[in-house]
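Take a look at the structure below.
Quick note: the coordinates plus some simple rules give every number you see, no bench work behind them. Keep in mind it's a predicted model, so treat the numbers as computed, not measured. Here the Cβ is made from the backbone with ideal geometry for all residues, glycine too, and neighbour counts use every protein chain on show.
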Amino acid sequence: MKRADESAVYQRAVFKNASPCHYMKVCLVLEDELTRPTAVELKHCLISGLKSLHGEVGAALAFDLLKYDEDSLTAFLRVCNGGLWKLWSSLTLLGSYQNQSCAFRVLQVSPFLLVLTGNSRELQLD
């Protein structure tokens, strides 16, 4: 038992990026605005971008397409921390989709999914 004169010892613990994965909000910009890829076609495009930049090992990177809006061509991706730079670099260098120019815009990146639900830059106060 502790005596009354003994003080409790407190230890402060700070975890930097304790999340095992990162979440990305990306937008696809296409040359032809009428083209609307499906979620399966978008994921295939991302895998082919990984394969062209990082080879077969890059194409085997585990990432998930959590949500995709075909109207705005915006997607939410989840990737493990070790593969974040591979996915981001392949998004940056991917320049074509079905023989037309395209670009991926990385809108937000965070280790927490809740952060991607709102954007202070788009906040409209009444």
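Cβ under 14 Å from ARG121's Cβ, ARG121 left aside: what net charge do those residues give with Lys, Arg +1 and Asp, Glu -1?
On the way: positive: LYS25, ARG105; negative: GLU122.
Local charge sum for ARG121: +1.
Based on the Kirkwood radius over alpha-carbon pairs, what value in µm²/s does the Stokes-Einstein equation return for the translational diffusion coefficient of the chain at 37 °C and 0.692 mPa s? Don't jump to the answer; show the numbers that get you there.
Working: Rh = 16.8 Å.
My calculation gives 195 µm²/s for D.
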(request) Divide by every residue of the chain the summed helix terms, -39500 (n - 2.57) for each DSSP H run of at least 4, and state the resulting mean residue ellipticity at 222 nm, rounded to the nearest 500 deg cm²/dmol. (result) -8000 deg cm²/dmol
(request) Any chance you could give the angle, 0 to 90 degrees and rounded to 10, that helix 39-59 forms with the longest Cα principal axis of the chain? (result) 80
(message) With a 10 Å cut-off between alpha carbons and a GNM built on the chain, which of GLN98, GLN108, GLN11 moves the most?
(response) GLN11
(request) Mind listing the long-range amide H neighbours of GLN108? Cut-off is under 5 Å, sequence gap 5 or more, other chains count too, H placed in the peptide plane at 1.01 Å from N. (result) LYS25
